[in-house]
Structure formats: structure tokens, C-alpha cells
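First the structure, in the form of C-alpha cells, and then the observations on it.
Derivation of every value follows stated rules applied to the coordinates shown; laboratory data play no part. Since we're looking at a predicted model, the values are computed, not measured. Glycine gets a Cβ as well: all are built from the backbone with ideal geometry, and neighbour counts include every protein chain shown.
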Amino acid sequence: MTMSPEEKQTREELAACYRLAALHRFTDLIYTHITARVPGEDGHFLINPYGWRWEEITASSLVKIDVDGNKVDGSPQRVNPAGFTIHSAVHMTRHDAAWIMHTHTRAGVAVACMEEGLLPLNQISLQFAGRIGYHDFEGIALDLEERERIVEDLGDHPVLMLRNHGLIATGRSAAEMFNNMFYLERACEIQIAATSSGRPLRLVGDEIAARVHQQYVQMNEEDGDLQLEWQAHLRSIEGVGTDFRA
């Protein structure tokens, strides 16, 4: 396959994200997606081949599609256009959301079923104080008209909770997107553990929550810790094997 060095790097990083998601059990067998905008190609994105487990994804197996989910690279692999509905909505309107991840994890869906959503319970959940949107459930995301409402509810936030459905994380890079999903998922896991304890919950007050929010904003702007985390994530799968780069 002939491609630019930028596309090759994007394919390898996207395949790494799929393997990392599988490692951390963020998968839903063959469903949900992680997508990335193809650098230098307006309206083109990379997505997983439909029917493959995330543990099987490689750089070369990823399929290039347009904003409607149609294949544009002649790949023999199937894609799930309906599954791209959510991703296309964000990709087309948020230029900073070059990378998008959507999951149906147990903890994520469980918190999405709670009326109060993500609670300000701990330092990890406070990473998303003022940085998370909510979208009401409208059924399986097959209706193209729902895309406008998804975008409106996401706003300029990096993550979105689809009520009764699951989680969405975005990012300017693979590192930023995976970081957002990794900690959003961790925050949901902690919330399920805390609320299941049967003990009274101690919520963090608005003033401290706002302070922690600003601290995270500053840390993300500096970007150094983010890259250190991403390299650590990559080492965790490279220790198992590097076939995802193939």
C-alpha cells in the first residue's frame, strides 16, 4: 500500500490504541470504534474492519473511509457505516477532534445509566469537572439527524457521556484521546465501587473542583506528562508484541 509517512504513523498509532483498549478490556467484541483523521486528506478517516476483534487489529488492516462511512481505499474488509454515525458527527464539526474513541464498558455504561452522571468523588473524576457533556439516549445511533444533537451536547468538551449507552473521548492526538478515555473509564470504575459500598459518599465541593479543573487544564497544555504516559502505554503492548505495526 502506498501512503504518506504521516498516514503510516497514524495507522500504527491507531492500531496501538485498539490493542491498548483490548488490553484494558474496553472492548465490546466487534462493536464500537476508534477512528482517526487521515493527515492531509480532507474528509478521510481510518476505522477498524468490521467483524475483527480489537486484539487482531493491525496498521494495514485499518480501512480508509469518507464522512459517510464509505470505503475509499479499495480495502477488501467490511466496514460498519452505521457505527460511524457518532464519529462522523464529531469529526466533521470539531477540527481539534482528530481522534475519537467510543466504548460500551460495564463501568462506563453503568455510570451513564445514573441520573447524576459522573460525580465529583475523587481526583481522577475531577479531571473532567466542567469538561464533560451529556447526550440523552435516542435509540441505536443509526439516525443521521442525531449527529447534530450529539455535536451540540459535546460542545467544546473533550469527552461525552451517552446516557444509557456509553462513553466518547476525543483528542488532538492518539495520546490525548487515549488519556481522556483511560481516566474517564477509571473514574467510572471508582464511582461504581464507591456507590456499591453502601457507605455515605463524600463529594468534593465546587470550589476545589474548579481548582482541580484548572490544574488539569494547565497540565494538558504543558503536554509533557501526556507524552510520558503515551510512551508508557506503548511499552505495555510492545512487551507483548509489535505485530500491530504490520
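Brief remarks on what is shown
- Estimated [θ] at 222 nm from DSSP helical runs (n ≥ 4, -39500 (n - 2.57)) normalised by residues in the chain, nearest 500: -13000 deg cm²/dmol
- Sites matching trypsin sites (Lys or Arg not before Pro) across the stretch 205-246 that sit in DSSP coil, with at most 14 neighbouring C-beta atoms within 10 Å: none
- Annotation for the stretch 44-98: trypsin sites (Lys or Arg not before Pro) lying in DSSP loop with at most 13 further Cβ atoms inside 10 Å of their Cβ are Arg53, Arg78.
- Only Lys, Arg, Asp and Glu carry charge here, each on its Cβ (+1 for the first two, -1 for the last two); on that basis the stretch 145-228 has a dipole of about 480 debye about its Cα centre.
- Where N is the number of residues in the chain, Cα Rg divided by 2.2 N^0.38 Å: 0.99
- Cβ crowding within 10 Å, taken as a proxy for footprinting-reagent exposure, orders Glu6, Glu12 from fewest neighbours to most as Glu6, Glu12.
- Among the chymotrypsin sites (Phe, Trp or Tyr not before Pro) in the stretch 137-246, those located in a DSSP loop and surrounded by at most 16 other Cβ atoms within 10 Å of their own Cβ are Phe137.
- Spacing of the two label points (7 Å from each Cα toward its C-beta) at Glu238 and Arg78, in nm: 3.6 nm
- Residue-wise HN-Hα coupling along the stretch 229-246, computed from phi with Karplus coefficients 6.51, -1.76, 1.60 (Hz; x: Gly, Pro): 5, 4, 5, 5, 4, 4, 5, 5, 9, 5, x, 8, x, 10, 5, 5, 6, 5
- Farthest toward the positive end of the dipole of the stretch 5-245, out of Trp99, Cys113, Val159, is the Cα of Cys113, where the dipole comes from beta carbon charges about the Cα centre.
- Among Ser61, Ser196, Ser173: highest mean-square fluctuation, GNM of the chain, C-alpha pairs under 10 Å: Ser196
- Between the stretch 106-120 and the stretch 1-25, the alpha-carbon center distance in angstrom: 29 Å
- Rounded to the nearest 20 debye, dipole of the chain from Cβ charges on Lys, Arg, Asp, Glu: 740 debye
- For the pair the stretch 219-244 and the stretch 27-43, the centres of their Cα atoms are 19 angstrom apart.
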